[in-house]
Amino acid sequence: MASTETKTDAVPVARDTHDLSGLEAGLDALETTQTGRTPFRQTFVQKILPPIIAIALVLVVWQALISFKVVTDPSKLPSPGAVWDQIEQAWLEGKLLGYIWTSVSRGLAGFVLALAIGTPLGLLVARVKFIRAAIGPILSGLQSLPSVAWVPPAVIWLGLNNSMMYAVILLGAVPSIANGLVSGIDQVPPLYLRAGRTMGATGLRGTWHVVMPAALPGYLAGLKQGWAFSWRSLMAAEIIASFPDLGVGLGQLLENGRNNSDMATVFLAILLILFVGIAIDLLIFSPLERWVLRSRGLLVKS
């Protein structure tokens, strides 16, 4: 009997030990960083193939509208082949990259200036109650104001030059960047701030080591919106205030196509504007978003 009881008691103990070891192994597996590289086939199927299919469908529908005589006037809707001919011609003439670089260089330079102004402004608005009460509503109002509204006064104040372009970009992007940072700081848990003060992170040190890292998701959202406003503001400025000395950017190319009733050029400019917007998002903001999510354990590699 004694031996039987001893064996009966040992079974739950062994089972509990096995369960605990399995639980620990599972937790270790969750905390282990997956360093293996995703197979190219999986990456192609999940990330590359879907946009290719979407673009192909758009081209098929576009060509079908012309082939089936739904749209018969080429001055209203050119064929994909006509637009491709314009792209090829601009490339052979060495102008295609010039169109893109003229606008992209202005847009990025204006965005960097907006970043340098909007970040400290957002910190002041978020941390100083008087400044928040004074200019917080103004920033929100400026963010909702269409960027094109700033082009006429900017032309009158600064003339037809690059300074006017940068002024329009700043007026469109700074409020979005500042408001994004304010929103991110407002969502920082007070516990983080108290813990930072306990460890001596106060003043600028607390802002750099506690506030800014904790507010990074909202700040990044403001940066994305700020770039979108920068790019749209620049296009509006180039369309309205076109001038030969400013060079031909994408906005001026669009306006030139409209003035010449050349819809192939208009569609070329629209496609290039769209291409730049997608490229900036994929090359800059999407990697930043993935890094922020991964650093917070919110992005799991499948």
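Read-outs: derived from the displayed coordinates by stated rules, not from any lab. Note that this is a predicted model, so its numbers are computed, not measured. When we count neighbours, we look across all protein chains shown, and the Cβ atoms used for this are built from the backbone with ideal geometry, even at glycine.
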Go ahead and set up a Gaussian network model of the chain, Cα springs under 10 Å, then flag whichever of Leu223, Leu191, Leu283 fluctuates most. Leu191
Rounded FRET efficiency, nearest 0.05, which uses the C-beta distance separating Phe275 from Val70 and R0 of 35 Å: 0.85
Quickly estimate the mean residue ellipticity at 222 nm for the chain, helices only: each DSSP H run with n ≥ 4 gives -39500 (n - 2.57), and the total goes over all residues, rounded to 500. -24500 deg cm²/dmol
Here are several values of P(r) over Cα pairs in 20 Å bins from 0, in percent: (1) 24, 43, 23, 7, 3, 0; (2) 33, 60, 7; (3) 32, 53, 15, 0. Which one was derived from the coordinates shown? (1)
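From Cα pairs below 8 angstrom and at least 6 apart in sequence, can you work out the relative contact order of the chain, rounded to a whole percent? Write out the running numbers ahead of the final one.
Values: 275 pairs, mean separation 60.4, N = 302.
For the chain, the relative contact order is 20 percent.
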Around Gln89, what is the net charge, scoring Lys/Arg as +1 and Asp/Glu as -1 over all other residues with Cβ under 14 Å from its Cβ? -3
Where is the GNM fluctuation largest for the chain (alpha-carbon springs, 10 angstrom cutoff): Pro50, Pro39, Pro146? Pro39
With a sphere of radius 12 Å drawn around the Cβ of Val151, what net charge do the other residues whose Cβ falls strictly inside it have (Lys, Arg +1; Asp, Glu -1)? 0
Magnitude of the charge dipole, the chain, Cβ model with Lys/Arg +1 and Asp/Glu -1, debye to 20: 600
For the chain, whose charge dipole is built from +1 on Lys and Arg Cβ atoms and -1 on Asp and Glu Cβ atoms, the candidate among Gly136, Gly222, Ile52 with its Cα farthest towards the positive end is Gly136
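Subtracting the Cα-Cα distance from 0.36 nm times the residue separation, let me have the gained length for Leu59 to Asp262 in nm, one decimal. Let's see the in-between values first.
Details: separation 203, 0.36 × 203 = 73.08 nm, distance 1.97 nm.
Between Leu59 and Asp262, full extension yields 71.1 nm more.
Could you tally the net charge around Thr119, taking each other residue with its Cβ under 15 Å from the Cβ of Thr119, Lys/Arg +1 and Asp/Glu -1?
Working: positive: Arg127, Lys224; negative: none.
Around Thr119, the charge tally is +2.
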Residue ranges of DSSP H helices in the chain that stretch 24 Å or more (Cα, own long axis) and have mean Kyte-Doolittle hydropathy of at least 0.0 are 49-67, 96-127, 162-186, 216-240, 263-280
Gaussian network model of the chain, Cα springs within a sub-10 Å range: biggest mean-square fluctuation belongs to which of Gly203, Gly277, Gly251? Gly203
